[in-house]
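Read through the structure below, which is laid out as structure tokens, and then see the notes.
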Amino acid sequence: MTLLEFWVQSEAAKALGWTLVHSLWEGACVALALAIVLGVARSSRVRYAAACAAMLALLIGFGATLYRLMPREISRPPAVHALSLPANPDFDDRPVANNRTPWDASELLPWLAPIWLAGVFLFQLRCLVSWAAAGRLRKVGVCGASFEFVERLDDLRGRLRISRPVTLLESCFAEVPVVIGHLRPVILMPVGLLAGLPVAQVEAILLHELAHIRRADYLVNLMQTLVEGLLFYHPAAWWISGVIRAERENCCDDLVVLTNGGAHEYARALAALAENRWTMREAAMAATGGNLVKRIRRLLSQPEGPRSTIAPILSLGILVVTGAVALAAWEKPAPQLPIPAALSIRPLPLLIAQEQAAPKPVSPYKKWLTEEVAYIITDGERADFMKLQTDADRDRFIEDFWKRRDPTPGTPENEYKTEHYRRIAYANDRFATPSALPGWKTDRGRIYIEYGPPDEIDAHPNGGAYTRPSEQGGAQTVTYPFEMWKYRFIDGIGNNVILEFIDKGRTGEYRLTMDPSEKEVVRHPLEREQAELSEKLERLKDALNTQVASIPVDQLRALDKQMESADLQRAMLRSQAQVEQAQEELEQVQENVRSLDDKISSDLAQSDMVKLQSQLQKLAQAMAASGLVVARPHHSVFLSGSGSEAAVIVLPNHYMLVTVPFEFPAKQYSISVSTLSSDGKEVWSSSVKDTSNNGSRTLGAPFLAAGSYKLTALVKDTAGPTEKTYVVNFSVR
Amino acid sequence: MTEHPPRPTDAELEILTVLWSRGPATVRDVHETIASRRPTQYTTVLKQLQVMAEKGLVLRNEHQRAHVYESARPREWTQRQLAGDMLQRAFNGSAKSLMIGALSSRKASKKELAELREILDEYERRTR
């Protein structure tokens, strides 16, 4: 007798075996109860709590059963093992103890115990590996998120009242935003996602992750995984676990919408995340089920599809089957173990998915009309075809349809028809999008099918730098992926037709556009926006000048005395508001510059950036020259000395960009800066050496309280005697 | 470049992540970012970037006085290269069961994505 056999014959092993059998019907009861609760409760919090309670009940039931069945003395001599039953008062009166056949369930049952233990070992090992791997993801291939987002996260953290510090990292391994850790939680964002999504959407996603942290979901999930490993053989455990996972996300969704409002923006963010995932990795891994679709429907509170009633029914089935089997095994031992019977019902989501995926049959005639010839059939023909009653008529109609278009009616071959189907096949082959839109439905497919292959194709599948033709203003610009198709002649349209398709979402779905500037990433490259803003500034200055000039001198003097008096003040407030508005637009430009910076890495784009920076600088000087200098902490502001000698830009992340004019003679220089408040106190000073970075340098600046300040920058040539002092007065409101 | 750069080490991966996240950057920028998370020497980062440039992992732009480095390969390419390593993939994949986030670890199918877009579009139509 081997050690294993010896152990298997022990009372403990037998008790464990029976516990496993009993937990099957216990679990089914719990699952059924949960299914009933889920059928009634609508609130995700209630549903989540119910599912957690069910999981706990499952675990407690298992423990309690084991405790009751376990003999008080664990190790008994093997000689008496065979026929004795668990010392349980509940089961003592059953008439089984004495007359068992040698080949019965109680002989087999104990073998469940080692199998179960091996399973538990494997699952807990997996859990341990997961834990280590998650810890490693926090450290490898990550970098800190930019200050701007960390600050935003802190702000949101305050709104959710989370006291623990939360770290925001960008990870090159994370495919989607995730939370790792409980005591020192870390949010991992896929690299580039922060910069790639609109701010409102980033905020919504950060809120969702913070909601997980606030609800201690990581900890609960860890426990849940442990319990799953213990009850791995139990379909009910996996089902309940799935319910917990789904409701957890719903709870977080609710919290996000409650805190932030915009359900729609949030839904868009989730969809963008899911799409982003496709572009990231190879398009393998088929998936089924509709988790995310359900969530988004729920967010937008659209009517859901028919609710699945399979879960409760299945649960009832398990209950009946396992209950019957367990009873039968107890009363009159069956030669079969109950477990396989229960396991065979398990893959529930798969069944539902198959049911949903069954395609509806489409009539070949409908397909012919709405797909195959949709682009070439005339309205009259369509109407005629719709009127036909029998399939024979329709067949005849289709035959005539092609015959009318045959360029060589005598021959058996119909070149038109052959070419048409070739075009459809080509379109489906080449233009199908990753979002499963068939090629013939896309804009490119439609044009290809209608007009055939173009004479020339100018494809820019990656977008990027592009020189505009001179009639569109020339110059370099940056574009989305786009294609230009040129047809020398299209019947009914004209000669030299150029069609442009743009892939704005970078999803592979090119759309036809009429506006050649639409392909440009920054709508009409920044110069134009720049020009518009400068123009606005000019107008503003003019308006101010005429306002001042229109006031007679004596009146001006009178007004001077009562500066608070209404009219002038209101006028000033108005113009200040206008300046602020212009400023906001400038911020927008800066935002564009930054997103441009992220998207483009080519040398070309860099030279664009340099050009743009100098333009921005000029604009800043122009604004300051208008005499109205407004500054707020945290926000962009443009300042300049009275002699326009230096421009200082305070960026939103509190860094100050000190720009040294290009005419400064030395190549290497040091800058020291000090800022004095109006009462002459020094509030901030800083210095940098060996500056050679294209005439500009970032210096960390503190928050400045409201007031007026004087910034003095001393720039010294590190190699020679040249030095120059720049003085800038500015105020912070 | 026809020859593939070698697989980056963990330390190199950290620097690459910074470059992917920030775009082309100077040694100073990279150092500042890494130093905000753990203490590190400027010269260590500089040396590392020089080694990486030799290996072909990063490109160095010497047009400006302060050299600007950028990743030689896009993130997706390197991720695929790393994912080719079965052990690494199994390890990172196993973390999924413990991570929680806005999306499940299961990828949405193309059909679902199309459906999502439809739902969103319809919502916009209705609210307009």
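Please treat every number below as a calculation from the coordinates, not as lab data. Note that the structure is predicted; figures quoted are calculated from it, not measured. Backbone-built Cβ (ideal geometry, glycine too); neighbour counts: all protein chains shown.
Per residue of B:11-23, other chain Cβ atoms within 10 Å of the residue Cβ number 6 on average. Simple spin-label estimate for A:R511 and A:L226 gives 5.1 nm between the two label positions (7 Å along the Cα-to-Cβ direction from each Cα).
Under the 0.36 nm per residue contour assumption, what length would be gained going from the current alpha-carbon distance of A:I498 and A:A53 to full extension? Write down the numbers at each step before the final one.
Values: separation 445, 0.36 × 445 = 160.20 nm, distance 6.49 nm.
Working it through step by step, the gained length comes to 153.7 nm.
With neighbour counts taken as other beta-carbon atoms within 10 Å, the residues A:L69, A:L537 rank, fewest first, as A:L537, A:L69. Starting from the Cα of B:H4, move 7 Å in the Cα-to-Cβ direction to define the label point; list residues of region B:13-55 whose amide nitrogen is under 18 Å from there. Label zone hits: B:13, B:55. Here the residues A:M55, A:M484, ranked from fewest to most Cβ neighbours within 10 Å of their Cβ, fall in the order A:M484, A:M55. Cross-link pairs exceeding 24 Å between alpha carbons, from the set A:K367/A:K417; A:K367/A:K486; A:K504/B:K110; A:K716/B:K47; A:K689/A:K724; A:K367/A:K403: A:K367/A:K486; A:K716/B:K47.
Can you list which of the chymotrypsin sites (Phe, Trp or Tyr not before Pro) found in region B:12-72 are DSSP loop residues with at most 11 other C-beta atoms within 10 Å?
none
Sorted ascending by nearby beta carbons within 10 Å, beginning with the fewest, A:L108, A:L586 become A:L108, A:L586. How many angstrom separate the Cα center of region B:13-48 from the Cα center of region A:202-261? Computed from Cα coordinates, the inter-centre distance equals 35 Å. Simple spin-label estimate for A:S43 and A:W111 gives 5.1 nm between the two label positions (7 Å along the Cα-to-Cβ direction from each Cα).
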